[in-house]
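Peer 1: Okay, handing you the structure first.
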Amino acid sequence: MDRMLFVLQRLTALLLLPLIIGHLIVILYAVKGGLTSAEILARTQGSLWWGLFYGLFVVAVAIHAPIGLRNILKEWTPLSRVASGWLSLAFGLVLLWLGARAIQGVVL
Amino acid sequence: MSTLKVKIWRGEEDGEFQSFEVPARENQTILDVVTEVQRQQEPGLSYRFACRVGVCGSCAMTVNGKPRWTCRTHINAVAKDGEITIEPLRNMPVIKDLTCDMTDFFQKWQKAGGTFKGTVTRKDKVVTIPPSSPKRQKADAGIECINCAVCYAACDTVNWDSEYLGPAALNRAWTLVNDERVGNQKEVLDKAIGDNGCSSCHSQGNCTASCPVGLSPSQSIHGLKRMSLLSFLGTEV
Ligand code: SF4
Ligand code: SF4
Ligand code: FES
């Protein structure tokens, strides 16, 4: 279990690095002409590529972040390994749900 | 003759410090001071030592807040204004005074696959392993461990997570997975990278900074993490 999570955390970190850079570049680019929701939606709505880009982003975050949270809970709180694991899983599912809703909002 | 003020932990977990004054001598280690107190002032003081020359690994204690091998720690290197505080090692239950229970520490060596299981019997020919081979050099870098538990006491991750196998046990596992004579390398690796193994390490190197023999358990653990990732990706390690 620990080994699998370790590998997943490292691999998602590798995936997140270019995605975060892409995301930041788009932010810089997007604010140039003033930041309006109409302008953003015009770019993202119906775009398969932005859907895939942020879909991957959300999945990677939903895997990466809870693994770190599990370690923090396990080490810094009185929670047991098992309890830390379930709580982090729940946190991951919340991230996934929030992310999916956000993508639904801007892409569909 | 000037004197040293020494505070020594007495009792179990809920004990307290007892103060002593001992003569300050020119050449004196922490272990000498503890021995002086026990011989001259407090015969009931419990502590461990054997070799007195940095070989057996039994004399480690916390000296002025840091884990150290006491037989090779000169007073002048650690005394602050002629004062020294001596406690048992951290991260292990205190039995009495300066002795702690090392059962968990050694059991974790087993949990990390630390037992040597060879491939040949005494009837077989001895296999030649060139000392210059990369694997042997990696193993050699970690084999001089004296099992003193100084690194284990220095490790914050062990302090936070009592299940974590810790630097010494993982360093041992690293030497075995690089030792060509070992027959169960896969088994050792699985244990060392598995639950409570190398992935719990934060890589900050307190273990390496404290190891009296100058080994680098954090480097060994880094090697195990690398193996963990590469073997997952199907790369030969
Ligand atoms: S590097 Fe790892 S094993 Fe060494 S002290 Fe830090 S957490 Fe412990
Ligand atoms: S690695 Fe160093 S500090 Fe740790 S037990 Fe071995 S000799 Fe002691
Ligand atoms: S007494 Fe043997 S290492 Fe200190």
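Peer 1: Between B:T128 and B:H222, what's the calculated FRET efficiency when r is the beta-carbon distance and R0 is 35 Å? Round to 0.05.
Peer 2: 0.75
Peer 1: Run the helix sum for chain B: -39,500 (n - 2.57) per DSSP H stretch of 4+ residues, divided by residue count, reported at 222 nm to the nearest 500 deg cm²/dmol.
Peer 2: Helices in chain B give a 222 nm mean residue ellipticity of -9500 deg cm²/dmol.
Peer 1: Follow-up question, since we're still on this one. From the Cα gyration tensor of region B:173-229, with a ≥ b ≥ c the square roots of its eigenvalues, which class applies: rounded if a/c is under 1.5, or else prolate if a/b is larger than b/c, or else oblate?
Peer 2: oblate
Peer 1: Tell me, B:Y47, A:Y29 in order of fewest to most beta-carbon neighbours within 10 Å?
Peer 2: Ordered by Cβ neighbours within 10 Å, fewest first: A:Y29, B:Y47.
Peer 1: Place a +1 charge on the Cβ of each Lys and Arg in region A:2-107 and a -1 charge on the Cβ of each Asp and Glu, then give the dipole magnitude about the Cα centre in debye, rounded to the nearest 20.
Peer 2: About 120 debye.
Peer 1: How high is the FRET efficiency from B:S46 to B:E144, r the C-beta distance, R0 22 Å, rounded to 0.05?
Peer 2: Given R0 = 22 Å and the Cβ-Cβ separation, E is 0.20.
Peer 1: In addition: So, in nm, how far is label B:N27 from label B:T235 when the simple model puts each one 7 Å beyond its Cα toward the Cβ?
Peer 2: Output for this residue pair reads 5.2 nm.
Peer 1: Using Cβ contacts closer than 10 Å as the measure, can you line up B:S132, B:S162 from fewest to most?
Peer 2: Final ranking by Cβ density, sparse to dense: B:S132, B:S162.
Peer 1: Find the Cα radius of gyration of region B:3-100, compare it with 2.2 N^0.38 Å by division, and give the number to two decimals.
Peer 2: Relative to the 2.2 N^0.38 Å estimate, region B:3-100 comes out at 0.97.
Peer 1: Continuing with this model, one more query. Would you mind putting B:194-206, B:96-108, B:114-126 in packing order, based on average other-beta-carbon counts within 10 Å, highest first?
Peer 2: Final packing ranking: B:194-206, B:96-108, B:114-126.
Peer 1: Could you tell me the relative contact order of chain A? Use alpha-carbon pairs under 8 Å, at least six residues apart, and round to a whole percent.
Peer 2: Relative contact order comes out at 37 percent.
Peer 1: Kindly flag which residue pairs out of B:K5/B:K80; B:K66/B:K111; B:K7/B:K66; B:K125/B:K186 have an alpha-carbon separation exceeding 20 Å in this structure.
Peer 2: Beyond 20 Å between Cα atoms: B:K66/B:K111; B:K125/B:K186.
Peer 1: Another one. Across the residues of A:5-12, average count of Cβ atoms on other protein chains within 10 Å?
Peer 2: Mean shielding count: 4.
Peer 1: Now for a different question. Roughly what % of Cα-Cα distances in chain A sit above 25 Å, to the whole percent?
Peer 2: 33 percent
Peer 1: Check every DSSP H run in chain A and write down those whose alpha carbon atoms cover 24 angstrom or more along the long axis and whose mean Kyte-Doolittle hydropathy is 0.0 or greater.
Peer 2: Answer set is A:2-30, A:48-76, A:81-107.
Peer 1: Taking θ as phi - 60°, what are the ³J(HN,Hα) couplings along region B:200-216 by the Karplus curve (6.51, -1.76, 1.60), each to the nearest whole Hz, with x for Gly and Pro?
Peer 2: Karplus values, whole Hz, x for Gly and Pro: 7, 6, 8, 6, 8, x, 4, 4, 5, 5, 9, 4, x, 8, x, 7, 10.
Peer 1: Next question, about the same structure. For peptide B:191-201, how many partner chain Cβ atoms fall within 10 Å of a residue's Cβ, on average?
Peer 2: Partner Cβ neighbours, averaged per residue: 4.
Peer 1: Using Cβ counts within 10 Å as a stand-in for footprinting exposure, how do B:W9, A:W49, A:W86, B:W174 rank, fewest first?
Peer 2: A:W49, A:W86, B:W9, B:W174
Peer 1: If you don't mind, another one. Could you give log10 I(q)/I(0) at q = 0.11, 0.19, 0.22 Å⁻¹ for region B:103-232, computed by the Debye formula over C-alpha point scatterers of equal weight, without solvent?
Peer 2: Computed log10 I(q)/I(0) values: -0.36, -1.02, -1.33.
Peer 1: At 7 Å along Cα-to-Cβ for each site, give me the label-to-label distance between A:I21 and B:V120 in nm.
Peer 2: 5.0 nm
Peer 1: Now for a different question. If contacts are Cα pairs under 8 angstrom and at least 6 residues apart, what is the relative contact order of chain B in percent?
Peer 2: Worked out over chain B, it gives 17 percent.
Peer 1: Run the simple label-point estimate for A:L56 and A:A100 please: 7 Å along Cα→C-beta, distance reported in nm.
Peer 2: In this crude spin-label approximation the distance works out to 2.0 nm.
Peer 1: Just how far, in whole angstrom, is region B:143-222 from region B:43-83 if you go by their alpha carbon centroids?
Peer 2: What the calculation gives is 23 Å, centre to centre.
Peer 1: Quick one: compute a quarter of the convex hull surface over the Cα atoms of the protein assembly as shown and quote it in nm².
Peer 2: Over all viewing directions, the protein assembly as shown projects a mean Cα-hull area of 25.2 nm².
Only the coordinates and a few stated rules stand behind these numbers; no lab work does. Source: prediction; values computed, not measured. Counting neighbours? That spans all protein chains shown, and the Cβs are built from the backbone with ideal geometry, glycine included.
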